[in-house]
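The values are calculated or read from the model by the stated rules, or taken from the named source; none is laboratory data. Only a predicted model underlies this, so the values are computations on that prediction, with no experimental measurement involved. Because the Cβ atoms are built from the backbone with ideal geometry, glycine has one as well, and the counts that use them run over all protein chains shown.
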Ligand SMILES: CC(C)(COP(=O)(O)OP(=O)(O)OC[C@H]1O[C@@H](n2cnc3c(N)ncnc32)[C@H](O)[C@@H]1OP(=O)(O)O)[C@@H](O)C(=O)NCCC(=O)NCCS
């Protein structure tokens with residue numbers, strides 16, 4: 001007879017214990033980037049709500065930013081790094097494909113020998129990471145997990161590209177997830193639609209670059225199509241997330257959508273019928289779009305500017321290249 005396997009110890013609930021953030025060192029105003037795209041400060045402010053974006057120095061990498069953000073989150077959580085069982089880094093801009101950024105960051109924060117891996121879910125990456133951390137901890141695969149969204153997108157932009165480059169920025173946001181007596185992360189609503197892969201992504205492969213068939217690959221998007229997808233399909237996902245969490249818009253303390261465009265954020269707020277009491281993240285205005293970094297960076301900032309939000313409910317939704325999306329309601333640390 002086959003021996004019965006021992007049941008793994010599980011926990012019922014998880015929550016975010018603390019967060020950390022690191023932004024690119026340089027503040028880049030619209031006027032500094034409008035020349036090569038024949039745009040203007042006024043156009044960018046009107047169409048996107050952006051005033052500046054943050055971009056990192058040459059020697060700063062997605063790994064540097066991730067390490068700084070993760071260190072802050074772990075210190076604030078007050079946990080022993082040796083108790084971290086998993087380090088997950090969501091990124092699309094680590095220029096070295098292997099080893100993973102996560103393994104290097106795990107070592108840098110003293111989380112060895114935690115399981116460590118990167119995940120590529122573009123602007124939904126952080127919410128994918130939170131979904132995984134929640135599941136791993138509940139399943140007993142880790143006691144604590146560190147989730148980081150980290151990007152140095154300025155390495156994959158083309159200053160002459162009008163479609164997306166002017167929106168993009170560098171930064172990392174981190175969360176420590178751990179066991180909880182009460183639910184602190186709701187059921188994640190996530191998914192993908194690869195039939196729309198051509199709407200956002202890199203404009204060439206590394207092998208095409210190697211073979212001289214294309215210049216250095218950079219990001220592109222079909223802006224209006226992505227915009228329509230966000231304000232129709234993604235609003236439905238946000239609504240379903242609230243329903244599945246068993247709450248109403250008025251129960252939220254904060255709303256932190258992916259920081260892609262101020263107009264998309266306004267449209268979400270209107271369609272969801274968010275009352276005035278809900279604080280809405282608008283980090284896009286000065287930080288820009290940091291893809292996987294955007295939701296944790298925006299949340300970290302909200303908690304600094306509005307400490308009273310601590311313990312309140314936040315709806316977060318990430319969406320982008322894939323296309324992919326993920327959303328959940330979390331209790332703010
Ligand atoms: C990229 C984005 C800001 C463009 O704004 P838009 O209002 O859709 O702009 P359009 O592409 O419809 O172009 C409108 C006009 O502005 C012009 N334009 C486009 N980009 C421009 C730019 N960067 N600067 C100045 N003018 C620009 C167009 O040529 C067009 O001119 P026309 O009316 O004379 O033809 C917007 O589509 C967007 O934010 N999309 C979604 C982003 C997103 O959610 N991404 C998620 C993945 S990260």
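Worth pointing out:
- The sole residue among 201, 149 that is in contact with a helix residue (DSSP H, G or I) (Cβ under 6 Å, 6 or more places away or on another chain) and either within 14 Å of the ligand (Cβ to nearest atom) or in a strand (DSSP E or B) (or both) is 149.
- Residue within region 100-111 that is farther than 20 Å from residue 291 by Cβ, part of a strand (DSSP E or B) and within 19 Å of the chain's Cα centre (by Cα) present: no
- Some residue of region 242-258 being crowded, with 18+ Cβ neighbours inside 10 Å, within 16 Å of the ligand (Cβ to nearest atom) and closer than 23 Å to residue 118 by Cβ: yes
- Just one residue in the set 244, 308, 304, 267 is out of contact with any helix residue (DSSP H, G or I) (no Cβ under 7 Å at 6 or more places or on another chain), outside the structural domain of residue 156 (by TED's automatic domain parsing) and more than 23 Å from residue 174 (Cα to Cα); that residue is 244.
- The one condition in (1) in contact with a helix residue (DSSP H, G or I) (Cβ under 6 Å, 6 or more places away or on another chain); (2) away from the ligand (no atom under 16 Å from the Cβ); (3) part of a helix (DSSP H, G or I) that residue 208 fails to fulfil: (1)
- Condition check for residue 141: away from the ligand (no atom under 16 Å from the Cβ), at pLDDT 95 or above and in a helix (DSSP H, G or I): no
- In region 120-138, the residues that are within 15 Å of the ligand (Cβ to nearest atom) and either assigned to a helix (DSSP H, G or I) or modelled with pLDDT under 95 (or both): 122, 123, 124, 125, 126, 127, 128
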